[in-house]
1. Using a 1.4 angstrom probe, figure out how much accessible area the chain has per residue, in square angstrom, rounded to the nearest whole.
2. Under a plain spin-label model, where a point goes 7 Å from the Cα along Cα-to-Cβ, how far apart in nm are Ser108 and Gln65?
3. What accessible surface, in Å², does a 1.4 Å probe find on His154, ignoring ligands, DNA and RNA and rounding to the nearest 10?
4. With runs of 4+ DSSP H residues as the only contributors, calculate the mean residue ellipticity of the chain at 222 nm using -39,500 (n - 2.57) per run, divided by the residue total and rounded to the nearest 500.
5. Based on C-alpha coordinates, I'd like the Rg and Dmax of the chain, in Å.
6. In whole percent, and with a 1.4 Å probe on the protein chains, what portion of the accessible area of the chain is carbon and sulfur?
7. With springs connecting C-alpha atoms under 10 Å apart, model the chain as a Gaussian network and identify which of Tyr159, Tyr84, Tyr149 has the largest mean-square fluctuation.
8. Between His98 and Ser78, what length comes free when the chain is fully extended (0.36 nm per residue of separation minus the Cα-Cα distance, one decimal in nm)?
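The values are calculated or read from the model by the stated rules, or taken from the named source; none is laboratory data. From a predicted model like this one, the values you see are computed outputs, not experimental measurements. Note: ideal-geometry Cβ built from the backbone for every residue, glycine included; neighbour counts use all protein chains shown. Protein only, heavy atoms only, side chains kept; ligands, DNA and RNA dropped before computing areas. Shrake-Rupley method; radii C 1.70, N 1.55, O 1.52, S 1.80 Å.
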Amino acid sequence: VLRATLEVAKRRRGIDYNITEGVPELSLYGRGGDNEMNERYILLESDKRILFEDQVYEQVVLNEQVLALTTLMLGPGSILSQMYSLFRHANTPPLPLHTDPTLSPFPSFPTYMAAQWCLTDFNGVRDGATCYVPGSQKLLRRPTKREGYVHMAHARSVYAPAGSVLVHNGAIWHGAPARQTEG
C-alpha cells in the first residue's frame, strides 16, 4: 500500500517522496495554525479518490476485520464515502481537531467511521501523528474553530507501528499536531 501510495503521488503531483528524509520545499507552510495554510496543506499533500489507482486499494477496502467493525458500528448498509492519502513531513502545519459528520448536533448513534492505515510508524506528537480527544464523541458536536486548536493540548497522540489500522467513530474530535521530525 505504501508503494502504491508513493506512486500515486509521483504520478499525480510529480513529487518523489523520500519517506526517510522528506522533501525540503515543504517549509513553505510555515508554522502556526491559520485555516488558509491548513487548506493549502490538505490540497497539496493529499491525493483524493485513489481507489481505482491500484488493485491493492481494493484489498484495503475489503479488509475483513475493518468491514466487520464497520458493520458493527454503522450497520450493514454503510457506504464508502472517500478514500485518500495524506502525507505529513517536517514543517507541515497542524490539522486542527475536527469531526467527520457534517450534521450538527449529531445523532446519538454513529453515522461515520474512519479507518486509517498507518503506512509508516506513528510515533506521537513530534511525528505529527493522529490524535484524539477521548470521550469527545459524547458531546455530539464539532469543536469550534477555537476548540480545534486549544484542545490539541488535551488530545492523545497515537503510537502505532506501520501496518496498523486506526478505526474510530467519526464524531470523536481528531486531528494532528504539526510534524517536527524529518521523514
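1. Heavy-atom accessible area per residue stands at 59 Å².
2. Between Ser108 and Gln65, the label points sit 3.2 nm apart.
3. So the heavy atoms of His154 present about 110 Å² to solvent.
4. After summing the helix terms and dividing by residue count, I get -7000 deg cm²/dmol.
5. 16.3, 45
6. So the carbon and sulfur contribution to the accessible surface is 56 percent.
7. Looking only at Tyr159, Tyr84, Tyr149, the biggest GNM fluctuation is shown by Tyr84.
8. 5.1 nm
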